[in-house]
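A.B. asks: The following block contains the structure, expressed as structure tokens.
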Amino acid sequence: MTSSPGSDTVAPCDLRLRDVTLAEGRRATIDIRDGRVAVLHDPGAPLPPAARTIDLGGALVLPGLADGHVHLDKCLLGLAWRPHRAQGSVRAIIADEKAFRRTTRVPLAAQGAEALLERMLRGGTTSLRTHVDIDDVTRLDHLAQILDLRARWSDRMQIQIVAFPQSGILGCPPVAGDLDEALRMGADLVGGLDPVGIDGDRDGHLDIVFALAERHGRGIDIHLHDGGEAGLDTIAAIAARTAAAGLGGRVTISHAFALAEADDLQLGRIAEGLNRAGVAILSSVPGGRRCPPIPRLRDRGVPVCFGTDNVRDCWNPATVTGMVDRAQLAAYRFDLRTDGELAALLDPVTTVPARVLELGPGVVAPGARADLIAFRAGGVPQVIVERQAPVLVVARGTVAIDRHGAAAGGPPP
């Protein structure tokens, strides 16, 4: 008996993944048609014709992974090595990056961003949200390049774009108008940056961000590096504005470093406000003392997603691009060791971003987009602790990466 009755039990499919193990331990055969999962066949069920079959021999199959925060337009992969110079405050790093841009013409989308997307796909990422700088140096140039990149990668990667005011809004006069135009050009969300630390005016900054979101019917994703009471106060203000504007489920606070400094009473109060408003937290699981208490937030019902953040750019020289690696960082950081704790780390890169960011299919189920990844592992905990790379990546129903071997019933990969 199959999971989906009716015509799907006899209709041919475009791609069949024979003999897989799902995350819950169930064995099945997956039929894919028109870019979506059509049927999950039980073992021994009669199978209709398939244009191509790949026998996975019991390999673990998961939904494609979602990276909730990356900066494609900043990436310098594939270019000459640039020593990492910037240290200290956010403002100092912004100044260093702008000076680099003024003196260097980087063929952005053709090299750095493209190379990063290729690495991410090999690691099992099939959906992402990228922040694209809009300031007095880049203006709308980076956005135009990333929009073109998104179109060229549409068959392999779901890409959301945030119009991101990297130099602030109030202190960088062209930016408010450019953000407005960016949303007309096709950016999916409007961003913000440290309303107090960069612009020095919490309400003035948030007034512009929320007005743009409401005017264009878009979501919001705000970088918040500000710590201490200023950061906690800004988080509370964002939650209150989200509730008042009816934007629940469409607002994300990225980084939220101040939560790392909150005591239990403060954390409980803020978590309640975030839940009530429908605001998600995005973390790259950073080092040092800035990482929000992810397990405690999840225990309080706050939706938490993971993201890569910066890759080989003026902010960070690191090249950790896989979401399996990000989950392993969280396991290490918070001393998560049991199978249950480790398996739960799949949620911030699958089910949670699908639910709160509209990124990725989130599940392997009939009707879901056929973004699927396969591992030679006995379960999710093994994938995470061994930081495995997938042996097969299927994006929108098409084989994108195949390290598994020859296919049956079709041409070799």
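A.B. asks: Mind checking which residues of region 234-258 are farther than 19 Å from residue 191 by Cβ and either open to solvent by less than 10 Å² (accessible area, probe 1.4 Å) or in contact with a Pro (Cβ under 9 Å, 6 or more places away or on another chain) (or both)?
C.D. replies: none
A.B. asks: Taking residue 62, is it surrounded by 18 or more Cβ atoms within 10 Å (Cβ to Cβ), in a helix (DSSP H, G or I), at pLDDT 90 or above and of a type outside the set (Gly, Ala, Ser)?
C.D. replies: No; evaluated as a whole, the condition is false for this residue.
A.B. asks: Surrounded by fewer than 17 Cβ atoms within 10 Å (Cβ to Cβ) and assigned to a helix (DSSP H, G or I): is that true of residue 230 in this structure?
C.D. replies: Answer is yes for this residue.
A.B. asks: Quick check on region 81-94. Is at least one of its residues of a type in the set (A, V, I, L, M), at pLDDT 95 or above and assigned by the TED database to the domain that holds residue 324?
C.D. replies: no
A.B. asks: While we're looking at this one, here's another question. Given the conditions (1) crowded, with 22+ Cβ neighbours inside 10 Å; (2) in a loop (DSSP other than H, G, I, E, B), and given that residue 84 satisfies all but one, which numbered condition is not satisfied?
C.D. replies: (1)
A.B. asks: Here's something else I'd like to know. Within region 144-203, track down each residue that is open to solvent by 10 Å² or more (accessible area, probe 1.4 Å), among the charged types (D, E, K, R) and not in a helix (DSSP H, G or I).
C.D. replies: Once the filter is applied, which keeps residues that are open to solvent by 10 Å² or more (accessible area, probe 1.4 Å), among the charged types (D, E, K, R) and not in a helix (DSSP H, G or I), region 144-203 yields 155, 156, 188, 199, 201.
A.B. asks: Hey, another quick one. Is it true that some residue in region 68-76 is more than 23 Å from residue 179 (Cβ to Cβ) and outside the structural domain of residue 390 (by the TED database)?
C.D. replies: yes
A.B. asks: Go through the residues of region 110-118 one by one and say whether even a single one is part of a loop (DSSP other than H, G, I, E, B), in contact (Cβ under 8 Å) with a residue 40 or more places away in the chain and either under 18 Å from residue 75 (Cα atoms) or touching a His at 6+ places or on another chain (Cβ under 7 Å) (or both).
C.D. replies: no
A.B. asks: How about region 28-58: which of its residues are open to solvent by 10 Å² or more (accessible area, probe 1.4 Å), charged (D, E, K, R) and part of a strand (DSSP E or B)?
C.D. replies: Within region 28-58, 33, 36, 55 meet the criteria.
A.B. asks: Restricting region 383-413 to residues that are open to solvent by less than 50 Å² (accessible area, probe 1.4 Å) and assigned to a loop (DSSP other than H, G, I, E, B), which is modelled with the lowest pLDDT?
C.D. replies: 410
A.B. asks: Next question. Which of the numbered conditions does residue 263 fail, given that it passes all the others? Conditions: (1) under 19 Å from the mean Cα position of the chain (by Cα); (2) free of Cβ contacts under 8 Å to residues at least 12 places away in the same chain.
C.D. replies: Here residue 263 clears every test but (1).
The values are calculated or read from the model by the stated rules, or taken from the named source; none is laboratory data. All values derive from a computational prediction rather than experimental measurement. Glycine also receives a Cβ, built like all others from the backbone with ideal geometry; neighbour counts cover every protein chain displayed. Quick note on the areas: whole protein, heavy atoms, side chains included, nothing else; ligands and nucleic acids left out. Shrake-Rupley method; radii C 1.70, N 1.55, O 1.52, S 1.80 Å.
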